[in-house]
Amino acid sequence: MKKLGILGAVVVVLFAAIIILTNLANQDKLKDNPYDTDSLDQATIDLLDNENYQNIILPEELEEKIDSGEPVVAYMFSPTCIHCQAMTPALMPIADEVDVHIDQYNLLEYDQGWNQYNIESTPTLIYFKDGKEVNRIIGDYSKNPDVIYDFLEQTKS
């Protein structure tokens, strides 16, 4: 019986250590994050150092860019969306290749974007020009990159 108690105590200590180490790692990742808050969903925290998610834009920044009339390509995604997890690693290198900047809007953290931009599902890529939506594609095109290329090329004209 005593061995069982010791084993139970060891398990509790190990779980506590895991929780403490996870919290410390999260605090380190949250330093200088682009979201303007430290209260982030774990799925978002996990993406903070991912090279494919370095163009995060805040809601008010996106509104300002659209309202200014400048061309904007906005990628609406959620870190918990499996289709986004497939699309993003295909999309961002193509955007770099064709020299198109993509602003990434995290709908998990800023859920007002669902209604504001009439998002039906993620991922959604939207092109704005002169303050108005010009075009959008919805869904994962990682297996059909020509759709991504065509969409991004039309934003350059």
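What follows draws every value from the coordinates through simple rules; no lab data is involved. Quick caveat: nothing in here was measured; it's all calculated off a predicted structure. All Cβ positions, even for glycine, are placed from backbone atoms using ideal geometry, and neighbour counts span all protein chains on display.
Structure above, values below:
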quantity: Residue match in region 129-145 (condition: more than 15 Å from LEU62 (Cα to Cα), surrounded by fewer than 18 Cβ atoms within 10 Å (Cβ to Cβ) and of a type in the set (D, E, K, R)); calculated: yes
quantity: For CYS81: the one exception among (1) crowded, with 17+ Cβ neighbours inside 10 Å; (2) in contact with a strand residue (DSSP E or B) (Cβ under 9 Å, 6 or more places away or on another chain); calculated: (2)
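Okay, residues lined up against (1) within 17 Å of PHE151 (Cα to Cα); (2) of a type in the set (Lys, Arg):
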site: PRO34; (1), (2): no, no
site: ASN52; (1), (2): no, no
site: ALA86; (1), (2): no, no
site: ILE94; (1), (2): yes, no
site: ASP99; (1), (2): yes, no
site: LEU108; (1), (2): no, no
site: LYS129; (1), (2): yes, yes
